[in-house]
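Engineer: Please find one structure pasted underneath; my questions will follow.
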Ligand SMILES: Nc1ncnc2c1ncn2[C@@H]1O[C@H](COP(=O)(O)OP(=O)(O)O)[C@@H](O)[C@H]1O
Ligand SMILES: [Mg+2]
């Protein structure tokens, strides 16, 4: 049986389109804010109820809609935004003319607007896409859109939504994202009548300053303490923003904020580029914090990829990718031995919440007069300033605790260093650098090490031996069942040669399937570094400790070990004084 082909009626087409454009309440909020931004508003208020399912209201003070355009605005593919046929050079956030028609076809929809400076405005009401009323009203300039009972006519979609709280959380996040991207616009979010987020407009400051202020609002002070500014340019792209240092990391990508020409982009390919940039500093299951803006000519990027416009295609993804990766690495290098402040804070809290110790401190303190304190303290301070050279951020080693931690004194306080983690980083960076420079220094073993292996392994080992040679390890086949190790890199010093070589062989076999040469090299060097590093539990002399600290200061990324854990924590004198109730 055949059926005649017919064109779907408008209300059905709109409902289908709505499924693509508005997935859930947050999509409505996003589209409405985009329209308000496009209308040059500088204040946007958002009110939601029941996670946006019951009601979403967006109020702006923008240009408004002309009376004649009012009914057009809710028609599908109706847009006032200037376009050329090729959809290139799109400078507005909207361009498809789909949002209002979609939203109004799946809700009880009210649009009131005034494009003049008088108080005469107009309001239309549509329910499930059908016009219910159109009347003049009193209204200040700007546009207010109210969306009630979203998806009331698509029960299947309604069922798929999550709890009110969760939907509200998604909305809060998107409002925060807009507030990071549009620094001159004031945003206020009210959830069930309660003001939950606000970002006042910031005037007369530089972009950098504004971004810092907004980021503090959105991410909190702590995040800023653990970020550095970035600004890098290539022929086609400008990237700028804030980079979280690796030790300040998270279990999901919610703290990655990425904008392309001010548009919020959540594109998997971008997240993966960022992860590549941080790969050396974070384990695969951790994510950094990042606020990154990419600016480029609009002809470099296609935003017409996804109905919700949160994916983009770059004409030259490769060059953007290398700019992002190189800039992130280069800038993280500047943080050198910067370990996240959060770790020191955690440590301080450990001290503070050790109540028993705290009791004792206070009891003793009461017995001693404060004047005694003062004089002792200033004596101490003089000595201290004389002895500590501010050139060395990690200070001078005083002692080693539990054969594992180096305690040193610097200008600002004391530093506790995890000797194994720190040394591992140093060895790793050195091995990598030498590998790339083709200058791994080798040492000939006075007594070559003979290692027995399964003869099947020995038969297949030729290729592995060649690669091992590039890493400074000279191995020869020695009979059917063994190999002989003649040289190893100097930096690995007196490691357990047998364990090291067996691990290296495993690693080389395992990494032979990895396509990325860089990743391969990183993995091999990382595994080698582990063997060459000072073990926890080894006693060290003061000179050796100082040597390690100096080398850390010279090594990029030494604030964290290869797995993103911090290599040291710093307790500032200021904080120590607080612990003792002196401040
Ligand atoms: N808040 C607003 N202020 C002024 N004009 C608006 C606003 N919201 C919508 N409009 C008008 O309605 C039109 C349709 O909006 P929409 O369906 O979102 O499509 P698009 O944003 O892609 O043009 C817009 O092009 C604009 O002219
Ligand atoms: Mg729009």
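The values are calculated or read from the model by the stated rules, or taken from the named source; none is laboratory data. Fair warning: this is a prediction, and the values are worked out from it, not measured in the lab. As a convention, Cβ positions derive from the backbone with ideal geometry for all residues, glycine included, and neighbour counts pool all protein chains shown.
Engineer: For segment 138-173, name all the residues that are without any contact (Cβ under 8 Å) to a residue 40 or more places away in the chain, within 27 Å of residue 62 (Cα to Cα) and more than 16 Å from ligand 1 (Cβ to nearest atom).
Structural biologist: Passing the criteria: 138, 169, 172.
Engineer: Determine whether residue 100 is within 16 Å of ligand 2 (Cβ to nearest atom), under 30 Å from residue 296 (Cβ atoms), touching a residue at least 40 places away in the same chain (Cβ under 8 Å) and in contact with a helix residue (DSSP H, G or I) (Cβ under 8 Å, 6 or more places away or on another chain).
Structural biologist: yes
Engineer: Identify, from the list 128, 78, the residue that is within 16 Å of ligand 2 (Cβ to nearest atom) and touching a helix residue (DSSP H, G or I) at 6+ places or on another chain (Cβ under 9 Å).
Structural biologist: It is 78.
Residue-wise test of (1) assigned by TED's automatic domain parsing to the domain that holds residue 291; (2) more than 22 Å from the chain's Cα centre (by Cα); (3) surrounded by fewer than 17 Cβ atoms within 10 Å (Cβ to Cβ).
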position	(1), (2), (3)
142	no, yes, no
152	no, yes, yes
194	no, yes, yes
214	yes, no, no
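Engineer: Which condition from (1) out of contact with any helix residue (DSSP H, G or I) (no Cβ under 8 Å at 6 or more places or on another chain); (2) in contact (Cβ under 8 Å) with a residue 40 or more places away in the chain is the one that residue 250 breaks?
Structural biologist: Here residue 250 clears every test but (2).
Conditions tested, residue by residue: (1) more than 21 Å from residue 260 (Cβ to Cβ); (2) within 28 Å of the chain's Cα centre (by Cα).
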residue	(1), (2)
91	no, yes
98	no, no
102	yes, no
110	yes, no
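Engineer: Can you name every residue in segment 35-57 that is closer than 16 Å to residue 109 by Cα and within 16 Å of ligand 2 (Cβ to nearest atom)?
Structural biologist: 35, 46, 56
Engineer: Let me confirm something: among 38, 69, 10, which residue is more than 27 Å from residue 166 (Cβ to Cβ) and surrounded by 16 or more Cβ atoms within 10 Å (Cβ to Cβ)?
Structural biologist: Being more than 27 Å from residue 166 (Cβ to Cβ) and surrounded by 16 or more Cβ atoms within 10 Å (Cβ to Cβ) holds for just one of 38, 69, 10, which is 38.
Engineer: From the list 487, 570, 476, exactly one residue is touching a strand residue (DSSP E or B) at 6+ places or on another chain (Cβ under 8 Å), at pLDDT 85 or above and loosely packed, with under 13 Cβ neighbours inside 10 Å. Which is it?
Structural biologist: When all the criteria are applied, what remains is 476.
For (1) over 30 Å from residue 197 (Cβ atoms); (2) within 12 Å of ligand 1 (Cβ to nearest atom); (3) outside the structural domain of residue 153 (by TED's automatic domain parsing), each residue gets a yes or a no:
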site	(1), (2), (3)
2	yes, no, yes
14	yes, yes, no
28	no, yes, no
42	no, no, no
48	no, no, no
53	no, no, no
59	no, yes, no
67	yes, no, no
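Engineer: Could you check how many residues of segment 441-472 are in a loop (DSSP other than H, G, I, E, B), modelled with pLDDT of 90 or more and surrounded by 12 or more Cβ atoms within 10 Å (Cβ to Cβ)?
Structural biologist: Of the residues in that region, 2 qualify.
Engineer: Another question, if that's okay. Evaluate segment 114-121: report whether one residue or more is more than 16 Å from ligand 2 (Cβ to nearest atom), within 20 Å of residue 26 (Cα to Cα), modelled with pLDDT of 95 or more and touching a strand residue (DSSP E or B) at 6+ places or on another chain (Cβ under 7 Å).
Structural biologist: no
Engineer: Still on this structure: Where residues in segment 490-515 are closer than 13 Å to residue 427 by Cβ and in contact with a helix residue (DSSP H, G or I) (Cβ under 8 Å, 6 or more places away or on another chain), which of them is modelled with the highest pLDDT?
Structural biologist: The qualifying residue modelled with the highest pLDDT is 500.
Engineer: In segment 408-440, what count of residues is obtained for those that are in a strand (DSSP E or B) and within 28 Å of residue 280 (Cβ to Cβ)?
Structural biologist: Matching residues across segment 408-440 total 5.
Engineer: Here's another thing I want to ask about it. Taking residue 158 as meeting all but one of (1) within 29 Å of the chain's Cα centre (by Cα); (2) part of a helix (DSSP H, G or I); (3) surrounded by 13 or more Cβ atoms within 10 Å (Cβ to Cβ), write down the number of the exception.
Structural biologist: So residue 158 meets the others, but not (1).
Engineer: Right, next: Run down 172, 132, 148 and say which single residue is closer than 30 Å to residue 314 by Cα and either at pLDDT 90 or above or in the same structural domain as residue 266 (by TED's automatic domain parsing) (or both).
Structural biologist: 172
Engineer: Here's another thing I want to ask about it. Within segment 84-106, is there a residue that is more than 11 Å from ligand 1 (Cβ to nearest atom), in a loop (DSSP other than H, G, I, E, B) and buried (at least 22 other Cβ atoms within 10 Å of the Cβ)?
Structural biologist: yes
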